[in-house]
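Reviewing the structure listed below.
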Amino acid sequence: MDTSFSIAKSTFRSPINLDRSSGTTPLSSDTESTMELYGYSDDAGSGFIEWIVDEFDIVEQIGLVYGIGKDGKRFVEDYDGVFALPDQAMDLLEANGIDCAEMRKSMAA
């Protein structure tokens, strides 16, 4: 059984949108959020970010799958749980040694 553990946490202010299959609804242009990065003790190939927006009572879990590059560094290979991986999530990952360069390119395309 995998046991998760906290790696790092980031609190920031940003716009908050509610994404649904029918479209995006802006909720706020400036709200405080916290993202906490977790790993699994039994699996270095995956993790997750818990994203908490207290003002709107929102908790999202962003599942992460990592690959290993030729340089031996982990990178984000895939994610699940949100429409688009927020810049703040990629900043948190990069601050903790997980490369997001290719993911940033694909998000910009």
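Observations on the model:
- Largest-first ellipsoid semi-axes for region 60-109, taking √(5λ) over the Cα gyration tensor eigenvalues, angstrom: 17, 12, 11
- Largest mean-square fluctuation among Leu92, Leu27, Leu37, in a Gaussian network model of the chain whose springs join Cα atoms under 10 Å apart, belongs to Leu27.
- Among Val53, Val65, a tally of other beta-carbon atoms within 10 Å of each Cβ gives an order, fewest to most, of Val65, Val53.
- Cα gyration tensor shape for region 5-63, rounded if a/c is under 1.5, else prolate or oblate: oblate
- Placing unit charges on the Cβ atoms only, positive for Lys and Arg and negative for Asp and Glu, gives region 38-109 a dipole magnitude near 440 debye about its Cα centre.
- Between the alpha-carbon centres of region 15-31 and region 36-73 there is a gap of 21 Å.
- Under 13 Å, Cβ to Cβ, from Lys70 - net charge with Lys/Arg +1 and Asp/Glu -1: -1
- As a proxy for reagent exposure, ranking Arg13, Arg74 by other Cβ atoms within 10 Å from fewest up yields Arg13, Arg74.
- The chain, relative contact order in percent, only Cα pairs under 8 angstrom and at least six apart counted: 19
- From least to most packed, judged by other beta carbons within 10 angstrom and beginning with the fewest, Asp71, Asp42 follow the order Asp71, Asp42.
- Over all other residues within a Cβ to Cβ distance under 10 Å of Thr31, the charged ones net out to -3, with Lys and Arg as +1 and Asp and Glu as -1.
- Under the simplified labelling scheme, the Asp42-Thr11 pair shows an inter-label distance of 3.4 nm, with each label point 7 Å from Cα along Cα→Cβ.
- Those chymotrypsin sites (Phe, Trp or Tyr not before Pro) in region 70-109 that DSSP places in a loop and that have at most 13 other beta carbons within 10 Å: Phe83
- Put simply, the amide H of Asn17, placed in the peptide plane, has neighbours under 5 Å in Leu27, leaving out anything fewer than 5 places away on its chain.
Any read-out appearing in this document is the output of simple, stated calculations on the displayed coordinates, not a laboratory observation. Note that this is a predicted model, so its numbers are computed, not measured. Ideal geometry is used to build each Cβ from the backbone, glycine not excepted, and the neighbour counts take in all protein chains shown.
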